[in-house]
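Just so it is clear, none of the values below were taken in a lab; they were calculated from the coordinates. Everything numeric here is computed off the predicted structure, so don't read it as measured data. We place every Cβ from the backbone using ideal geometry, glycine too, and count neighbours over all the protein chains shown.
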Amino acid sequence: MGDVALGVIGGTGLYALAGLEDVESHQPVTRYGAPSGPVRIGTLDGRRVAFLARHGEGHSVPPHLVNYRANLAALQAIGVQQVLALNTVGGIGERFGPRVLACPDQLIDYTWGRVSTLCEEPGSEVLHVDFGDPYTPALRTKVLAVAADEGVVLVDGGCYGATQGPRLETKAEIARMRRDGCDLVGMTGMPEAGLARELGLDYACLAIVANWAAGAGPDPDEVITLEDVLANVAAASSGIPALVRGMLAR
Ligand code: HPA
């Protein structure tokens, strides 16, 4: 399969990687089961990259049912060591309005009932991995440096609050998350980041703000629609191919 320099996991509205050439598809079955869909391995500017749509290519897997373990293990099985997670989110903090790209440095996990560790496998070792910095600092540094080089505007830092979904949050839930220190809200950031750490993968998040979270924007009664979400993701994602190419070039 050759060296796969980077694995990219796409979120809502991001089901393929633009410009990928010579694509081979793999559907590895891992000890944790099958991933959300095929892993597409292709070439961008001569370097190999793997892409996996977190919710499946037809967006059929809701956030709480994604087999996060299988997705990450499938990427690891083909040789991926660095994972760039693309996560569509709502914005809470004022610097995180619709169409902003951000590279968060912290997270708070509000999810429940998801398989969130590798330790449940019979015979597996109990791991208490360090998770003080949930995103790999060196990989974040690289993302930020590449963004600066490529002229992709990216907010450095922010706290990602991972909610259960699939429904969106109430205004009171978002107000609580703001008090907790969350800047962004999404449904897929955990357990993915924690599992990546347990697997020993380097992992960074590129959050794509699709909407103001409930009650967080200038119009507190704004209703969040899927059309707005998809339009904002499409607009905000224009810099992602340059970013991925830059990551591969380093
Ligand atoms: N909340 C949670 N997840 C999301 C949102 C949101 O407002 N927008 C996109 N993903």
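Counting alpha carbon pairs within less than 8 Å and at least 6 residues apart, what relative contact order, in whole percent, applies to the chain?
Rounded, it is 26 percent for the chain.
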(request) Starting with the fewest neighbours, write out CYS205, CYS159 ranked by other beta-carbon atoms found within 10 Å of each beta-carbon. (result) CYS159, CYS205
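For n ≥ 4 DSSP H runs only, could you compute -39500 (n - 2.57) per run for the chain, divide by its residues and tell me the 222 nm figure to the nearest 500?
The per-residue figure over the chain is -7500 deg cm²/dmol.
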(message) Given 10 °C and 1.306 mPa s, compute D for the chain with the Stokes-Einstein relation, Rh being the Kirkwood radius over Cα pairs; round to the nearest whole µm²/s.
(response) 88 µm²/s
(message) Given points 7 Å out from each Cα along the Cα-Cβ axis, report the ASP228 to TYR15 separation in nanometres with one decimal.
(response) 2.3 nm
(message) Need one word for region 1-130: rounded, prolate or oblate. Basis is the Cα gyration tensor (sqrt eigenvalues a ≥ b ≥ c); a/c below 1.5 gives rounded, then a/b vs b/c decides.
(response) oblate
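Among all stretches of the chain without exposed GluC sites (Glu not before Pro) (DSSP loop, at most 16 other Cβ atoms within 10 Å), which one is longest?
It runs 126-221.
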(message) Placing unit charges on C-beta atoms (Lys and Arg positive, Asp and Glu negative, everything else neutral), compute the dipole magnitude of the chain about its Cα centre in debye, rounded to 20.
(response) 140 debye
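Based on the Cβ-Cβ distance from ARG31 to GLU125, what FRET efficiency comes out when R0 is 25 Å, to the nearest 0.05?
Plugging the Cβ-Cβ distance into 1/(1 + (r/R0)^6) gives 0.95.
What list do you get for HIS55, HIS26 if you sort them by fewest beta carbons within 10 Å?
Details: HIS55 24, HIS26 15.
Fewest-to-most ranking of HIS55, HIS26: HIS26, HIS55.
Using Cβ contacts closer than 10 Å as the measure, can you line up VAL61, VAL39, VAL23 from fewest to most?
Fewest-to-most ranking of VAL61, VAL39, VAL23: VAL23, VAL61, VAL39.
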(request) Mind jotting down the distance between the C-alpha centroids of region 186-207 and region 87-115, whole Å? (result) 12 Å
